[in-house]
1. Please sort 15-21, 51-57, 33-39, 75-81 by packing, taking for each peptide the average over its residues of neighbouring beta carbons within 10 angstrom, highest first.
2. Modelling each spin label as a point 7 Å along the Cα-to-Cβ direction, I'd like the ALA75/LEU41 distance in nm, to one decimal.
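Here, each number is a calculation from the coordinates, and none is a lab measurement. Note that the structure is a prediction, hence the values are computed from the model and not measured. Counting neighbours? That spans all protein chains shown, and the Cβs are built from the backbone with ideal geometry, glycine included.
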Amino acid sequence: MWRARDSVTTRDTPGMNLRQLEYFLVIAEEGSFSRAADRLLVAQPSLSQQIGVLEAELGGKLLERMPRGVRLTMAGQSFLPRRTPRSSTPIALVARRAWPWVSRRASSRSQR
């Protein structure tokens, strides 16, 4: 049986990147994969896959999938930056400040 988690772990994904962290921040803010996908202008399955890669890299679930939306797990709450940015702050900048050790590879949609 095919499972999304299997496909995530077999892909060539050399570590997390700012795009994945940006996706995590927006999902946490929106409380929904669908609303986050609309806001980020990406397909919901792609968004879900990237979060799966991030969770695999970190070794645990960051988000609990609910029938209507998502909520942060304890690990997700710990991983979320403590300071909430103003809405005018670009989300990629927030990610860079919160996790400066993460690769900047693929951090903006203009590089796709």
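1. Highest to lowest by the protection proxy: 15-21, 51-57, 33-39, 75-81.
2. Those two pseudo-labels are separated by 3.2 nm.
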